[in-house]
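Novice: One structure follows; several queries about it will come next.
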Amino acid sequence: MMPDSLPIIPFTQPASGNAKVPGSKSITNRALLLAALTEGSVTIKGALFSEDIAVMKTALNALGIETQASEQNQTIKVQGQGGMIPERRAELDVGNAGTVARFLTAALALRWGGAYQLDGSEAMRKRPMRGLLEALESFCCSFRWGGEPYHFPFHMKTQGLRTGLWQVDAAASSQILSALLMVASLAEGPVRVQQIGSTVSKPFIEMTTSMIADFRRDGQLPEEAPDGYEFKASSYRIASGDYNVEPDATAASYFLSLPLSVGGQLKVDGFSRETSLQGDLAYHQILDKIGLASSFANDGLETKASGDPIRGGTFDFNAISDTFLTLAALAPLFSEPITISGIAHTRKQETDRVSAMATELRKLGQEIKEEEDSIIIHQNKEALLQIAKKGVDIDTYEDHRVAMSFAILGCANLRGDGQPWLTIRNPRCCAKTFPGFFDELERVRLASCQ
């Protein structure tokens, strides 16, 4: 069992070898939802097994959609219902899983005469849902709020999806738009999904539309309009019955960044520049700019330290915001200040991520300027070294990405004796997307010592 606090053992040798990361959370939960709406069964291969995925599987089972999982084989078989939701009534808990909260709510709207009670964790009750719920309210659903309007918990009554114009404000989360896109094909006629303004993390929308084409019987991408997407009615069906999930690019960002902390080089298997669906893979381009060398080779992505000081700079993370924490946590090791912008929307994710990173970096003696949409980090290496001599505990705010990011910083041998100086509080929070993260980090450390 994972302890309440975990000291990070520093690397005493440069990183070397390969790291393995699990399947993409974003792809796995999209695949689960699309498979549930597909005619016939679908076997999802390379699937992630984590808390967020368990929440989705439990919800689908409660709705009468059968899933059979083999963690050993990393497969989940889903008995699709052809766009139908078998159970007319259900009580569903979405936990703190944003993908489940948005995707499942939109899918429930397919049911004629449905009545569903939904709730989530305390953190989820604060996360943005208004854009999706207002859209559903405008063309198919009625809601009764259990607390603050347009937040969990709520009761929804459904009457199937109407055709025509669907307007949606997805400024707070790209998942709101993705949720509507995944069910639009299953309306009884043409649908136009119109964005009101812009959205964030646009590569996730591209992931969604690509996966829709993979699952649609006709294999067609949604037709792009100037302000949204147009759909003709089509069912979902995969002829082969199989769908393959890529490794998680956000999870890979921690190991790809490890040479910043300990030197050496490290490869993460399973990535292709040409075929990847994940926008977060672009994080390696930022690593190139600050002083690592990255390259795709032999079905993987590798980064290598040059030995030169790590540069700073100004970087817009709006499209790849899940990875900003990785870079921010390592910024105390850089030779120049770094500005990370485009991250205002991350204040409403698992925690206020901008504030969380600013708070923990200040704990490390760094000079931080925090603005609504950015964080500026000025290094104070002398303060960092003094704090490392005493030791420091990092609070993780129930946020897996805070925990994993600072763990990579803790791998730096700042005391010079190989003894831990940074402790991660509540390391169990990583079970949300990467239950085996600390085991894999330790495996890489031991392999690098050989």
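The values are calculated or read from the model by the stated rules, or taken from the named source; none is laboratory data. In this text, all values refer to a predicted model and were calculated from it rather than measured experimentally. Heads up, the Cβs are rebuilt from the backbone with ideal geometry, glycines too, and the neighbour counts pull from every protein chain shown. Protein only, heavy atoms only, side chains kept; ligands, DNA and RNA dropped before computing areas. Shrake-Rupley method; radii C 1.70, N 1.55, O 1.52, S 1.80 Å.
Novice: Thr43 versus (1) surrounded by fewer than 23 Cβ atoms within 10 Å (Cβ to Cβ); (2) outside any strand (DSSP E or B); (3) β-branched (Val, Ile, Thr): which is the lone unmet condition?
Specialist: The number of the failed condition is (2).
Novice: Considering each residue of the stretch 63-98, count those that are open to solvent by less than 60 Å² (accessible area, probe 1.4 Å), under 15 Å from Ile44 (Cβ atoms) and out of contact with any Asp or Glu (no Cβ under 8 Å at 6 or more places or on another chain), and give that number.
Specialist: Counting residues in the stretch 63-98 that are open to solvent by less than 60 Å² (accessible area, probe 1.4 Å), under 15 Å from Ile44 (Cβ atoms) and out of contact with any Asp or Glu (no Cβ under 8 Å at 6 or more places or on another chain) gives 6.
Novice: Still on this model: Filter the stretch 360-400 down to residues that are open to solvent by less than 10 Å² (accessible area, probe 1.4 Å) and assigned to a helix (DSSP H, G or I), then give me how many there are.
Specialist: 5
A quick yes/no check of all residues on (1) part of a helix (DSSP H, G or I); (2) crowded, with 18+ Cβ neighbours inside 10 Å; (3) not small (Gly, Ala, Ser):
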| position | (1), (2), (3) |
| --- | --- |
| Asp417 | no, no, yes |
| Cys429 | yes, yes, yes |
| Phe438 | yes, yes, yes |
| Val444 | yes, yes, yes |
| Ala447 | yes, no, no |
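Novice: How many residues does the stretch 148-159 hold that are in contact (Cβ under 8 Å) with a residue 40 or more places away in the chain and out of contact with any Lys or Arg (no Cβ under 7 Å at 6 or more places or on another chain)? Before you say what the answer is, go through the steps one by one.
Specialist: Step one: of the stretch 148-159, the residues in contact (Cβ under 8 Å) with a residue 40 or more places away in the chain are 152, 155-159.
Now narrow it down to the ones that are out of contact with any Lys or Arg (no Cβ under 7 Å at 6 or more places or on another chain): 156-157, 159.
Looking only at that region, the number is 3.
Novice: Among the residues of the stretch 313-334, is there at least one that is over 18 Å from the mean Cα position of the chain (by Cα) and more than 19 Å from His284 (Cβ to Cβ)?
Specialist: Yes, the stretch 313-334 has at least one match.
Novice: Going by the structure shown, is Glu188 part of a strand (DSSP E or B) and either open to solvent by 10 Å² or more (accessible area, probe 1.4 Å) or within 26 Å of Gln117 (Cα to Cα) (or both)?
Specialist: Working: part of a strand (DSSP E or B): no; either open to solvent by 10 Å² or more (accessible area, probe 1.4 Å) or within 26 Å of Gln117 (Cα to Cα) (or both): yes.
Answer is no for this residue.
Novice: Among the residues of the stretch 118-165, write down those that are open to solvent by 30 Å² or more (accessible area, probe 1.4 Å), within 28 Å of the chain's Cα centre (by Cα) and either among the small types (Gly, Ala, Ser) or more than 23 Å from Lys348 (Cα to Cα) (or both).
Specialist: Residues satisfying the conditions are Ser121, Ala123, Gly146, Gly147.
Novice: Whether any residue in the stretch 255-264 is open to solvent by 50 Å² or more (accessible area, probe 1.4 Å) and over 18 Å from Thr433 (Cβ atoms) is what I want to check.
Specialist: No, the conditions are met nowhere in the stretch 255-264.
Novice: With the stretch 63-151 as the region, which strands (runs of 3 or more DSSP E) entirely inside it contain at least 1 residues that are over 28 Å from Val245 (Cα atoms)?
Specialist: Here the list reads 89-93, 112-119, 141-145.
Novice: Give the residues of the stretch 354-408 that are among the β-branched types (Val, Ile, Thr) and within 25 Å of Ala97 (Cα to Cα), sorted by residue number.
Specialist: Val354, Thr359, Ile394, Thr396, Val402, Ile408, listed by residue number.
Every residue, every condition in (1) charged (D, E, K, R); (2) over 25 Å from Gly83 (Cα atoms), yes or no:
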position: Leu118; (1), (2): no, no
position: Glu122; (1), (2): yes, yes
position: Arg127; (1), (2): yes, yes
position: Arg130; (1), (2): yes, no
position: Ala135; (1), (2): no, no
position: Cys141; (1), (2): no, no
position: His151; (1), (2): no, yes
position: Met156; (1), (2): no, no
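Novice: Name every residue in the stretch 333-342 that is surrounded by fewer than 24 Cβ atoms within 10 Å (Cβ to Cβ) and either aliphatic (A, V, I, L, M) or not in a strand (DSSP E or B) (or both), in order of residue number.
Specialist: We begin by selecting, within the stretch 333-342, every residue surrounded by fewer than 24 Cβ atoms within 10 Å (Cβ to Cβ); these are 333-339, 341-342.
The answer is Leu333, Phe334, Ser335, Glu336, Pro337, Ile338, Gly342.
Novice: Then there's this: Residues of the stretch 215-249 being out of contact with any strand residue (DSSP E or B) (no Cβ under 7 Å at 6 or more places or on another chain), more than 30 Å from Leu325 (Cα to Cα) and either open to solvent by less than 70 Å² (accessible area, probe 1.4 Å) or not hydroxyl-bearing (Ser, Thr, Tyr) (or both), which ones?
Specialist: Within the stretch 215-249, Asp218, Gly219, Gln220, Leu221, Glu224, Pro226, Lys232, Ala233, Ala239 qualify.
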